[in-house]
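The values are calculated or read from the model by the stated rules, or taken from the named source; none is laboratory data. All values derive from a computational prediction rather than experimental measurement. Cβ placement follows ideal geometry from the backbone for every residue including glycine, while neighbour counts extend to all protein chains displayed. Only protein heavy atoms, including side chains, enter the accessible area calculation; ligands, DNA and RNA are left aside. Shrake-Rupley method; radii C 1.70, N 1.55, O 1.52, S 1.80 Å.
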Amino acid sequence: MRVLTGIQASGKLHIGNYFGAMKPMIELQESEELFTFIANYHSLTTSKDAQLLKQLTLDAAVDYLSLGINPEKTTFWVQSDVPQVLELYWILSKFTPMGLLERGHSYKDKVAKGITANHALFSYPVLMAADILLPDTQKVPVGKDQIQHVEMTRDIAIKFNNEYGDIFTLPEYIVEENLATIPGIDGQKMSKSYDNAIDIFMESEKKLQKRCNKIISSSTPLGEPLEYEGCHIYNLAALFLDEEGKQELQERYKSGNEGYGHFKKYLKELIWEEFAEAREKRAYYMDNLDIVQDILSDGAKKMQKISNDKMSVIREAVGLL
Ligand code: ADP
Ligand code: TRP
């Protein structure tokens, strides 16, 4: 099965991103033919700082490789290294009714938040359709906010196919319904916008401990049994534990021998341990950015070949000489 995902590089990754998006993606590469790219053309719709966009693109590549994207199994590239997608974007624009884009939730939300409406923001879903249709994607794993974009992609592909024959594969989205929302240090959804996130790559164990210490907990005095249900520290720790580990931790809560401080320390150890290998890989890639560039350039070459082959069929179909 050909599966494609686009990543918006938006800065430091947190534990919510990891369990909600990256871990499921990394697991997919074991069983599916995975295509993953950093959507920097899409980021241009909201970026104002060239240096920052470059930095975020490279950082995202380093982070994803460190956390387990395996370039031997997955085609991994930067969107703008395969500009063929922009040609398809233009062709698809002809099959995109204005009304379809006008109904876009994501566009309307962004404008409501004060982002200036411009054509790139408006036609964002057409570029996303080109991303998806170019390599004959079958499945697109997305968060709920992106479902509509995949539906638009299908609508555009159907219109094209009706006119020119069965050129495009119709993609389907996959949404993990039972994926938990990871809580932040205040118990609300962890998000970089709410200042409640625990980042995956903290500078030091000490800083990580400081962050864990800020997790809001109740004020049961030491010596009394603690309630693990509804405890944010427990909920976060549980992400890193198997059934046996969770049982053990529950017993520790019930025993009354330990206070929240102990569990915050335990959580810090779990997080630090979980990402130990990724941290090492990250340090390695940071010192060897040329290796990262090579990986991205190999991925782009693979994707260019696929894109050129597909574009010849499309050009022929629509009558471009
Ligand atoms: P943020 O809310 O920090 O801005 P993004 O919107 O950039 O995060 O999310 C990137 C990906 O990570 C999305 O697929 C989203 O579903 C997932 N994700 C983000 N926060 C969480 C969370 N708290 N729990 C589960 N998944 C999350
Ligand atoms: N719009 C997606 C997001 O904001 C990123 C993206 C761009 C994408 N092109 C894609 C996702 C193609 C899936 C498929 O998260």
Counted residues in segment 57-73 being touching a residue at least 60 places away in the same chain (Cβ under 8 Å) and of a type in the set (S, T, N, Q) come to 1
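Rundown of residues vs (1) touching an Asp or Glu at 6+ places or on another chain (Cβ under 7 Å); (2) outside any helix (DSSP H, G or I), yes/no style:
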{"site": "3", "(1), (2)": "yes, yes"}
{"site": "28", "(1), (2)": "no, no"}
{"site": "55", "(1), (2)": "no, no"}
{"site": "62", "(1), (2)": "no, no"}
{"site": "65", "(1), (2)": "no, no"}
{"site": "72", "(1), (2)": "no, yes"}
{"site": "96", "(1), (2)": "no, yes"}
{"site": "107", "(1), (2)": "no, no"}
Check whether at least one residue in segment 101-109 is surrounded by 13 or more Cβ atoms within 10 Å (Cβ to Cβ), among the small types (Gly, Ala, Ser) and within 16 Å of ligand 1 (Cβ to nearest atom), and report yes or no. yes
Within segment 123-143, which residues are at pLDDT 95 or above, open to solvent by 30 Å² or more (accessible area, probe 1.4 Å) and either within 10 Å of ligand 2 (Cβ to nearest atom) or touching a Leu at 6+ places or on another chain (Cβ under 9 Å) (or both)? 138, 139
Near pairs, Cβ below 8 angstrom, 6+ apart or cross-chain, from segment 295-321 (free of Cβ contacts under 8 Å to residues at least 24 places away in the same chain) to any residue that is aliphatic (A, V, I, L, M) and surrounded by fewer than 13 Cβ atoms within 10 Å (Cβ to Cβ): none
Could you look through segment 161-187, keep only residues that are away from ligand 2 (no atom under 16 Å from the Cβ), open to solvent by 60 Å² or more (accessible area, probe 1.4 Å) and at pLDDT 95 or above, and pick out the one that is nearest to the chain's Cα centre (by Cα)? 166
Count, please, the residues in segment 43-56 that happen to be farther than 18 Å from residue 200 by Cβ and either buried (at least 21 other Cβ atoms within 10 Å of the Cβ) or free of Cβ contacts under 8 Å to residues at least 60 places away in the same chain (or both). 9
List the helices (runs of 4 or more DSSP H) that sit entirely inside segment 194-294 and contain at least 1 residues that are exposed (fewer than 13 other Cβ atoms within 10 Å of the Cβ) and charged (D, E, K, R). 205-213, 243-255, 260-274, 276-287
Which residues, taken from segment 1-41, are open to solvent by 50 Å² or more (accessible area, probe 1.4 Å), among the polar types (S, T, N, Q) and near ligand 1 (Cβ under 9 Å from one of its atoms)? 8, 10
